[in-house]
Amino acid sequence: LNSLIADYLKQQYEWHVDPDWIVILPSVVSGLYTAVQQLTSSDESVLIPNPIYHHLRLACTSVNRPFLEMPLELTDDRWVLPSTQLPNLFSPKTKLALFCNPQNPGSTVFTREELKEFGEICLQHNVWICSDEIHAGLVLDENKKHIPLASISKAISDKTITLMSLNKTFNFPGIGLAWAVAENPILRKAM
């Protein structure tokens with residue numbers, strides 16, 4: 001199964017993933033909860049976008065992790081990262097950033113430059129990233145393309161867990177199949 005998923009990611013997103021980097025999960029939502037629980041302690045905080053799918057908040061509150069919201073800005077009908085504010089949102093207690101790519105709600109398909117900026121800021125602050133990319137297959141604008149955050153660079157990949165599933169793309173949520181892609185063995189073990 002891991003080889004089939006790796007082939008799919010290469011075909012769809014030109015993302016070269018070693019099958020060993022893939023961890024099978026029951027759902028993307030369970031992956032969010034697992035990432036928060038395993039990658040943070042009770043005295044560490046999580047950075048999450050706002051607006052966002054409610055399970056990113058619930059993943060924090062369910063295990064009593066404080067979180068800080070990263071207020072996205074609505075610009076030209078796109079929810080974009082607050083570039084000027086972003087570096088100031090990290091504190092020494094920030095251990096994990098949750099991300100949603102494409103954005104839910106709002107459907108922003110982030111550009112390579114936007115993803116690179118976010119990833120590099122997380123690297124500067126030594127923060128893990130968990131990127132919910134379940135809507136990757138639903139980019140319907142022919143002029144836009146989903147770019148996995150972890151595909152931007154080896155350094156960003158080493159700090160990132162990417163959560164994906166075909167459940168949204170092919171509308172079969174009852175199948176209970178999702179996966180995490182984590183190049184870093186520490187992150188794979190956490191999942």
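Observations, loosely collected:
- GNM on the chain, alpha-carbon springs under 10 angstrom: the most fluctuating residue among Lys116, Lys145, Lys93 is Lys93.
- Gyration tensor (Cα) of segment 38-115, equivalent ellipsoid semi-axes in angstrom: 23, 14, 10
- Sum of -39500 (n - 2.57) over DSSP H runs of 4+, divided by residues of the chain (222 nm, nearest 500): -8500 deg cm²/dmol
- Normalising the average separation of contacting C-alpha pairs (under 8 angstrom, six or more residues apart) by the number of residues puts the relative contact order of the chain at 25 percent.
- Long-range Cα-Cα pairs in segment 67-151 (distance over 16 Å), rounded percent: 51
- Straight-distance candidates among the lysines for linking to Lys95, with alpha-carbon spacing under 18 Å and chain neighbours fewer than 8 residues away dropped: Lys159, Lys189.
- Globularity index of the chain is 0.94 (Cα radius of gyration / 2.2 N^0.38 Å, N = number of residues).
- Per residue, the convex hull volume that the Cα atoms of segment 122-191 enclose (Å³): 89
- By accessible area, using a 1.4 Å probe on protein heavy atoms only, segment 63-132 has 50% of its surface on carbon and sulfur.
- Accessible area in square angstrom per residue, segment 110-191, 1.4 angstrom probe: 46
- Normalised per residue, the volume of the convex hull around the Cα set of segment 1-54 (Å³): 129
- Computed from point charges on the beta carbon alone (+1 for Lys and Arg, -1 for Asp and Glu), the dipole magnitude for segment 77-132 about its Cα centre is near 200 Debye.
- Alpha carbon centroid spacing (whole Å) that separates segment 144-180 from segment 45-113: 17
- In the calculated pair-distance distribution of segment 79-123, the portion above 13 angstrom amounts to 57 percent of the Cα-Cα pairs.
The values are calculated or read from the model by the stated rules, or taken from the named source; none is laboratory data. Fair warning: this is a prediction, and the values are worked out from it, not measured in the lab. Counting neighbours? That spans all protein chains shown, and the Cβs are built from the backbone with ideal geometry, glycine included. Each accessible area value is taken on the protein alone, full model and side chains, heavy atoms only, with ligands, DNA and RNA left out. Shrake-Rupley method; radii C 1.70, N 1.55, O 1.52, S 1.80 Å.
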